[in-house]
Structures are given as C-alpha cells and as structure tokens.
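Worksheet: the structure to be examined is printed underneath.
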Amino acid sequence: MSRIVFCFASLAILAAVSASNSFAEEWSQFRGPEGQAISRNKGLPTSWSADKNIAWKTALPGPGGASPIVVGDRIFITCYSGYAVPGAPGGDIGALQRHVLCIQRADGKVVWQKDVPAQQPETPKVRDHGYASSTPVSDGKNIYVFFGKSGVIAFDLQGKQLWQADVGSKVHGWGSATSPVLYKDMVIVNAAVESESLIALNKATGKEVWRMGGMKESWNTPILVPLAGGKTELVVAIMGKVLGVNPETGEQLWSCATDIGWYMVPSIVNDKDVVYSIGGRGTGGSLAVRAGGRGDVTATHRLWRSNKGSNVPSPIVHEGHVYWVHETKGTVSCVKAEKGEVIFEESLAPNSQFYASPVLADGKLYFLTRRGETYVIAAKPKYELLATNSLVDRSTFDASPAVDGDRLLIRSDKFLYCIGGK
C-alpha cells in the first residue's frame, strides 16, 4: 500500500510540474505569450556563468538571430549556414540554406533538423544579424517559419513540411527580421522587405487570405491588441506611423503619427487598449497611443510622445511603467506609462551593444548584450541591479531570450543554452 501511495504522490508532483508549464504559458512565439516578453512563471535563475547553473548546452549548425520557442516537450529554433557565416566570411551564396531544428527540452538533444535551400538570388550581404532572424510561431500542432524571400513554411511537429508560401521577392541589406503571428486560422506576416505588405495566410493551406500594402521601413513584429466588446486589432509600426488593422480583413482602421522618423524595428507592447511604440535612429523616440480609433488619430488618441527611445530592442510594459535599453548607449530607461515621464535612466553597460529584446519573469528584467552578458535588474520603478552574468563564447548573441518554465533559453551564433531549472 505504501508503494501505491508513493506512486500517487509522485504522479501528483509530476502533474503539478506539468501544470506550471501549461500551454497558456508556453513561449510559443516571438516574445512569448501575447508577444509581451512577460512570463508568469516563478523560480527563474538570477545568476549563472559558462560553467555554473547551466542545465544543458547544444551546438547549433549555424548562426541566427531567431529566438527559440517552446512547444510541449520540444524547443524549435532556426539557423542558417553555407554563406557569410561569422568566422568564415564569403563563400558561394548559392550554398546558403536555412535550418529548422527540433530539440528536446529535457536534455537539449536534437530530435530532427530540416534544411531549406535559399531562393536565389538572395542579397549578398546582411548587416550584422544574418539570414535567420525571424522567430517561429506554433499553435501547438504545427510550426510556422518565415525565411524572407524564401517564404513562409509550415511543418508539423515531426518535421513534415505541409506547405510553403511566397510573400514577395525583394531583399534588403539589413535583411528580414519580422516574426509571424497567429490569429484564428491565419498566419500573419509583416513582409515589409519582401513586398511592402502585411499578409495573412491560411494556416491549413498557406493560401493568401488578405494583403495590406504600404508597409515601409518596418522591421517589427505586429501584436494583437484586445479591445472592449471582444474585438481585436492588429497593431504595427511603419516609418512615421503606428497603424491599427482589422486582423479579419486587413483593412487599415487608424493611423497615428510617431514624429520619430525613419525605420521602426522594436515591436510594440500594450497594456489593455494602450500601445507603446519606440524606434528611430540615434536617440529615437517613444509614444503611447490608445487603440480603437478610426482614421488619423494623432490629435485624439496619441497620449504622449518623447524624444527618448531605442532603435533595436523592444520595450516591456509592467505595472504602469515602460522599460527599455538603448542599443548602443547601454542605458536602461524606465518611464511612467501614463505620461511618459522618466523615472530613471541608468548606465547599464555603456560599452556594450544590445540587439536582443529584454524579457520579464519572476519580478526580474533580463537584458542581454551582443557579447553574451546578461544584466538582471528588479522589475520596479527604482533601479536595482541584481546580477551580471556572462556566457561569452566568442560568438554573437542577437536573439532575445525565451522563458521555459523556471529556466531561460539563450542562443548565440554557436550554441543554445538552457539556464537554471531544478
């Protein structure tokens, strides 16, 4: 009898662990649940190093700026190889290919790898981050990847290719970096580089459902913003404007001037129906807009605008405050979400570059540099540095971290690290 009781107790513990990593909290898209880079999971690590608090470390077949995603007991990530690989520049661009990897969460072992040759001609050079910067997305049944002019591709969880869709043939020297998002039975892609379009594809077939043009100088991933009455808007930033779109039809509903200028890279975040956007070269800028308007809402729905912002990493909104880090100055900022008032600006890492967007979990904000240092600060409107951690492995860390239960997933050009966990 005691053995039976012990078995039931063990099963109860396992069920509790599984519940803590339920699908609702899975990091199944860029920046996790709702695209906000916020996890409700607890117990995440604060301190680690290359030989401390590392659950496992997996070598990757090539570099990339895409983040890992978590689906069930698997992790999915993309890479590229064959051409312009850091440490081995040049080569034959005809050999360029992307890879989709399926990795076991438990031990980091590669379950399967699918190779996708690049549609040619590709751009002969992509500045800094290479040819695999779009994070996959999953609905728990299939995964969807975006490879620029090579298209959007659907795979089942066993690696069988289901379809491949063309979303445009243009290329850019800064590459293609937006990630797909899911809405009902659609995969929505910001194909600003490939066709200056926002495109919705049917999840089951890859057939185009709708297309909206006018997407210029836009490298950010759209977000879905819930409104009163059960409605939803798709919000994305382009050069000079934030746009609200009907995700059912692709109809542009509203636009708001940013007065920031040039291209927009950071993804938007929202708190209920208010969206926060940062971007622009140099010091950049930031603004808050209430969604739900119609037409030009600059005069009616723009709540505030500031000359402070960042050009690459996306922000996080949390408990009435917006946080971000400047990509070259290494300054972390906290502003009041209501009015844009600066609460603090601190020099986090003045000699570092930040391309990865931060994540928030367990009351902590994680900021990752391109060298592999992660600065952990308290997620509160008073600056408190909790830890500085290093995974320097002579490669580049451009991808945003992901949360996997009580662990962090961080990828470099060479490895995927799983950090922490009990």
May I ask you to list the residues in the range 56-81 that are crowded, with 20+ Cβ neighbours inside 10 Å and small (G, A, S)?
G62, G64, G65, A66, S67, S81
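Being in contact with a helix residue (DSSP H, G or I) (Cβ under 8 Å, 6 or more places away or on another chain) and surrounded by fewer than 24 Cβ atoms within 10 Å (Cβ to Cβ): is that true of D296 here?
Working: in contact with a helix residue (DSSP H, G or I) (Cβ under 8 Å, 6 or more places away or on another chain): no; surrounded by fewer than 24 Cβ atoms within 10 Å (Cβ to Cβ): yes.
Answer is no for this residue.
Would you confirm, using the coordinates I've provided, whether I75 is in contact with a Pro (Cβ under 6 Å, 6 or more places away or on another chain) and either part of a strand (DSSP E or B) or closer than 30 Å to Y375 by Cβ (or both)?
On the way: in contact with a Pro (Cβ under 6 Å, 6 or more places away or on another chain): yes; either part of a strand (DSSP E or B) or closer than 30 Å to Y375 by Cβ (or both): yes.
Yes; evaluated as a whole, the condition is true for this residue.
Kindly indicate whether any position in the range 260-270 is among the aliphatic types (A, V, I, L, M), over 22 Å from V137 (Cβ atoms) and in contact (Cβ under 8 Å) with a residue 24 or more places away in the chain.
Going through the range 260-270, the residues among the aliphatic types (A, V, I, L, M) turn out to be 260, 264-265, 268-269.
Next cut, over 22 Å from V137 (Cβ atoms) only: 260.
Retained after the next criterion (residues that are in contact (Cβ under 8 Å) with a residue 24 or more places away in the chain): 260.
Yes - at least one qualifying residue is present in the range 260-270.
Please go through the range 344-359 and give me each residue that is outside any strand (DSSP E or B) and surrounded by 15 or more Cβ atoms within 10 Å (Cβ to Cβ), ordered by number. If you could, list the steps in order and put the result at the bottom.
So in the range 344-359, the residues outside any strand (DSSP E or B) come out as 348-358.
Matches in the range 344-359: L348, A349, S352, Q353, F354, Y355, A356, S357, P358.
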Would you mind finding the one in V297, V312, V317 that is under 21 Å from the mean Cα position of the chain (by Cα) and either more than 19 Å from Y263 (Cβ to Cβ) or charged (D, E, K, R) (or both)?
V317
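Pick from E341, E373: which is within 30 Å of L101 (Cβ to Cβ), surrounded by fewer than 21 Cβ atoms within 10 Å (Cβ to Cβ) and in contact with a strand residue (DSSP E or B) (Cβ under 7 Å, 6 or more places away or on another chain)? It would help to see each step written out before you state the result.
Details: E341 fails: within 30 Å of L101 (Cβ to Cβ).
Answer to the check: E373.
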With (1) surrounded by fewer than 22 Cβ atoms within 10 Å (Cβ to Cβ); (2) in contact with a His (Cβ under 9 Å, 6 or more places away or on another chain) as the list, and W262 as the residue in question, which single condition is left unmet?
(2)
Unique match (being touching a residue at least 40 places away in the same chain (Cβ under 8 Å), surrounded by 18 or more Cβ atoms within 10 Å (Cβ to Cβ) and farther than 22 Å from I103 by Cα) among S169, S218, S197:
S218
Kindly check whether there is at least one residue in the range 134-145 that is more than 19 Å from I77 (Cβ to Cβ) and touching a residue at least 40 places away in the same chain (Cβ under 8 Å).
no
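Quick one: count up the residues across the range 307-330 that are hydroxyl-bearing (S, T, Y) and at pLDDT 95 or above. Step through it out loud before you land on a result.
Filtering the range 307-330 down to residues hydroxyl-bearing (S, T, Y) leaves 310, 314, 323, 328.
Applying the additional criterion that residues be at pLDDT 95 or above yields 314, 323.
The total comes to 2.
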So in the range 245-259, with the set limited to residues that are of a type outside the set (S, T, N, Q) and in contact with a helix residue (DSSP H, G or I) (Cβ under 9 Å, 6 or more places away or on another chain), which one is surrounded by the most Cβ atoms within 10 Å (Cβ to Cβ)?
C256
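Are any residues in the range 376-407 small (G, A, S), surrounded by fewer than 18 Cβ atoms within 10 Å (Cβ to Cβ) and at pLDDT below 95, and if so, which ones? Step through it out loud before you land on a result.
Step one: of the range 376-407, the residues small (G, A, S) are 378-379, 387, 390, 395, 399-400, 402, 405.
Applying the additional criterion that residues be surrounded by fewer than 18 Cβ atoms within 10 Å (Cβ to Cβ) yields 378, 387, 390.
Of everything in the range 376-407, nothing turns out to be small (G, A, S), surrounded by fewer than 18 Cβ atoms within 10 Å (Cβ to Cβ) and at pLDDT below 95.
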Hey, could you check the range 88-104 for residues that are part of a loop (DSSP other than H, G, I, E, B) and not small (G, A, S) and say which is surrounded by the most Cβ atoms within 10 Å (Cβ to Cβ)?
L96
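Can you go through D413, D362 and tell me which one is of a type in the set (D, E, K, R), farther than 14 Å from Y276 by Cα, crowded, with 21+ Cβ neighbours inside 10 Å and touching a residue at least 12 places away in the same chain (Cβ under 8 Å)? Working first, answer last.
Values: D362 fails: crowded, with 21+ Cβ neighbours inside 10 Å.
Exactly one of D413, D362 is of a type in the set (D, E, K, R), farther than 14 Å from Y276 by Cα, crowded, with 21+ Cβ neighbours inside 10 Å and touching a residue at least 12 places away in the same chain (Cβ under 8 Å), namely D413.
Out of D156, D128, which single residue is touching a residue at least 40 places away in the same chain (Cβ under 8 Å) and acidic (D, E)? Please lay out each step first, then the result.
On the way: D156 fails: touching a residue at least 40 places away in the same chain (Cβ under 8 Å).
After ruling out the rest, the residue left standing is D128.
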Could you check the range 171-244 for strands (runs of 3 or more DSSP E) lying wholly inside it with 2 or more residues that are β-branched (V, I, T) and within 18 Å of V274 (Cα to Cα)?
223-226, 232-238
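The values are calculated or read from the model by the stated rules, or taken from the named source; none is laboratory data. For clarity, every value in this text was computed on a predicted model and none was experimentally measured. Heads up, the Cβs are rebuilt from the backbone with ideal geometry, glycines too, and the neighbour counts pull from every protein chain shown.
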